[in-house]
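Computed from the coordinates by the stated procedures, all read-outs in this text should not be read as laboratory data. In this text the structure is predicted, and so the values were computed from the model without any measurement. FYI the Cβ positions are ideal-geometry reconstructions off the backbone, even for glycines, and counts take in every protein chain you see.
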Amino acid sequence: MEMVQIVGIGLIATLLILIVKEQKPVFAFLLAVFTGIYLFLFLIGKIDTVIRVLENLASRSGVPTIYLQTILKIIGIAYIAEFGAQIVRDAGQESIASKIEFAGKVLILAMAVPIISIIVETVLNLLPAGG
């Protein structure tokens with residue numbers, strides 16, 4: 001049922017944007033931005049539920065919470081960068097949207113380095129010594 005609501009909001013916003021766009025393109029853009037923000041806020045509860053389930057699984061499995069927190073931050077950066085880039089694209093600024101996506105990728109890489117180094121150390125420790 002929630003998906004029907006999301007699609008309904010999207011369709012209504014799209015129709016309003018198409019009607020307003022000819023006369024007031026700035027209002028059409030603002031309507032698109034506010035619709036995106038509203039839909040994001042609509043999904044916050046679902047995101048919170050997923051995070052709680054993952055935290056529960058991590059604690060039951062003995063995985064240090066720092067790893068889960070880092071992975072969740074990486075996912076958050078990816079979603080925020082994509083959301084921001086889409087909004088900027090809606091405004092017709094492809095170049096800036098590409099820069100937002102690039103910045104997101106660099107931040108993800110920077111946050112992933114500690115996890116990658118731990119994985120490499122673990123693999124090296126599993127290999128037989130000597131060769």
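Put a dot 7 Å past each Cα toward the Cβ at Tyr79 and Val20; how far apart are the dots in nm?
In this crude label model, Val20 to Tyr79 measures out at 2.5 nm.
Tilt of helix 65-90 relative to the longest C-alpha principal axis of the chain, in degrees (0 to 90, nearest 10)?
Helix 65-90 and the main axis of the chain meet at about 30 degrees.
Indicate the gyration tensor shape class of the chain (rounded, prolate or oblate), computed on the Cα atoms with a ≥ b ≥ c the square roots of the eigenvalues: a/c under 1.5 is rounded; otherwise a/b larger than b/c is prolate and the rest oblate. It would help to have the intermediate numbers written out before the result.
Values: a/c = 4.52, a/b = 1.99, b/c = 2.27.
Because a/c hits 1.5 or more and a/b fails to exceed b/c, the chain counts as oblate.
What Kirkwood Rh does segment 77-118 have if only Cα atoms enter the pairwise 1/r average? Answer in Å. Don't skip to the answer; put the middle values down first.
Numbers: mean 1/r = 0.0933 Å⁻¹.
Kirkwood hydrodynamic radius for segment 77-118: 10.7 Å.
Please report the Cα spread of segment 1-61 along all three principal axes, rounded to whole Å, starting with the longest.
Reported extents, whole Å, longest axis first: 57, 23, 11.
Can you compute 3J(HN,Hα) from phi for each residue in segment 53-62, using the Karplus curve 6.51 cos²θ - 1.76 cosθ + 1.60 with θ = phi - 60°, rounded to whole Hz and x for Gly and Pro?
My calculation for segment 53-62 gives 5, 5, 4, 5, 4, 5, 5, 5, 8, x Hz in order.
Helix-derived [θ] at 222 nm for the chain: sum -39500 (n - 2.57) over DSSP H runs of at least 4, divide by residue count, nearest 500? Present the calculation step by step, with values, prior to reporting the outcome.
Working: 4 runs with 116 residues, N = 131.
Here the helix-only value at 222 nm equals -32000 deg cm²/dmol.
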